[in-house]
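The values are calculated or read from the model by the stated rules, or taken from the named source; none is laboratory data. Here the structure is a predicted model, which means the values were calculated and not measured. No Cβ is skipped: glycine too gets one built from the backbone with ideal geometry, and neighbour counts run over all protein chains shown.
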Amino acid sequence: MLEEAIRAHPRTYAGNRYVYPVLSRRARGISVGVNLNPDKVCNFECVYCQVDRHSEPEVRTVHLDRVEEELSAVLEEIRSGLLFERRPFAGVPEPLRRLNDIAFSGDGEPTAASEFPTAVRRVVGVKEALGLRGVKVLVLTNGSTLDRPAVREALALLDGHEGEVWAKLDAGTEAHYREISRSRIPFGKILENLCLGARERPLVIQSCFFRWKGEAPPASERAAYVERLKEILETGGRLRLIQVYTLARPPAEQEAQPLLTEELEAIAAVMRPLGVPVKVFGGTERACP
Ligand code: SF4
């Protein structure tokens, strides 16, 4: 049952449209996801994305009153213990029956949703009303909108409410970025945004490494990736942590396959001289998406 709770990543829970709890082994607690992209639209098209874009979305619009209601209800279920009477959470051991974070993470890029700034204010309001000090608010982003004034304002608000920005960086070169992220947004733009975001607050960098078309990332790509991290640091950016992980669930493209933990460790070793903490995860419970 515990494995079921960890593996289960439905974007729906108990009839909810937007808010879904997941058990995070990494966080050793419950992470409550807020999905602002039920339409499954994303400005990236990562080869390893786990969102099923072959089926039609059941919901296409975001109703913030409903988001707030669902969030309050799930948080209350965690507080009261009701969540742990339901599948797949019934087998969660006592030490993991704790709320760790609320995470903007769903079926697309959360910060690109027009509702994002207001949703942040609503989530902060719920968190304050329930007195949830110590509960982080995570924003999982591909970095594409970190220069937008409304997004910057929303993230600044979160800075005062235990916010953390977890930003994706999966490549070191434009060519590799184009091949695996398949976005029309230039790589240079993403890097500029990461530099900007990291100057405004320490970022957590999330990097997914995997075997692509039978090949692990070559040494040249790994070296270029480290150079990009150096550029963020050299332009005044701060990095809280680098998370190195691989695929945990079926990807969009079958030619994307997970790396072994020792391969991830070898990649992490190239980063450690940067002086930023690096953590390796064999899979991920809470990555983008
Ligand atoms: S992994 Fe994240 S950024 Fe990439 S396509 Fe999926 S939702 Fe978008």
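Yes/no per residue for (1) among the acidic types (Asp, Glu); (2) closer than 24 Å to Val51 by Cβ; (3) out of contact with any strand residue (DSSP E or B) (no Cβ under 7 Å at 6 or more places or on another chain):
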residue: Gly172; (1), (2), (3): no, no, yes
residue: His176; (1), (2), (3): no, yes, yes
residue: Ile185; (1), (2), (3): no, yes, yes
residue: Gly188; (1), (2), (3): no, no, yes
residue: Ile205; (1), (2), (3): no, yes, no
residue: Cys208; (1), (2), (3): no, yes, no
residue: Trp212; (1), (2), (3): no, yes, no
residue: Ala223; (1), (2), (3): no, no, yes
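Looking at Ser220, Ser207, Ser183, which is the one that is of a type in the set (S, T, N, Q), exposed (fewer than 14 other Cβ atoms within 10 Å of the Cβ) and either in contact (Cβ under 8 Å) with a residue 12 or more places away in the chain or assigned to a helix (DSSP H, G or I) (or both)?
Of Ser220, Ser207, Ser183, the one residue that is of a type in the set (S, T, N, Q), exposed (fewer than 14 other Cβ atoms within 10 Å of the Cβ) and either in contact (Cβ under 8 Å) with a residue 12 or more places away in the chain or assigned to a helix (DSSP H, G or I) (or both) is Ser220.
More than 14 Å from the ligand (Cβ to nearest atom) and part of a loop (DSSP other than H, G, I, E, B): is that true of Gly236 in this structure?
yes
Can you pull out the residues in the stretch 170-179 that are surrounded by fewer than 21 Cβ atoms within 10 Å (Cβ to Cβ) and either on the phi > 0 side of the Ramachandran plot or part of a helix (DSSP H, G or I) (or both)?
Those that are surrounded by fewer than 21 Cβ atoms within 10 Å (Cβ to Cβ) and either on the phi > 0 side of the Ramachandran plot or part of a helix (DSSP H, G or I) (or both): Glu174, Ala175, His176, Arg178, Glu179.
So, in the stretch 62-87, of the ones that are at pLDDT 95 or above and in a loop (DSSP other than H, G, I, E, B), which residue ends up nearest to the ligand (Cβ to nearest atom)?
That would be Val62.
Any residue at all in the stretch 149-160 that is surrounded by 16 or more Cβ atoms within 10 Å (Cβ to Cβ), out of contact with any strand residue (DSSP E or B) (no Cβ under 7 Å at 6 or more places or on another chain) and acidic (Asp, Glu)?
No, that holds for no residue.
Examine the stretch 8-21 for a residue that is within 16 Å of the ligand (Cβ to nearest atom) and modelled with pLDDT of 90 or more, and state whether such a residue exists.
Yes, because at least one residue in the stretch 8-21 is within 16 Å of the ligand (Cβ to nearest atom) and modelled with pLDDT of 90 or more.
Could you check the stretch 26-56 and list, in sequence order, the residues that are away from the ligand (no atom under 13 Å from the Cβ), over 15 Å from the mean Cα position of the chain (by Cα) and part of a loop (DSSP other than H, G, I, E, B)?
Passing the criteria: Arg28, His54, Ser55, Glu56.
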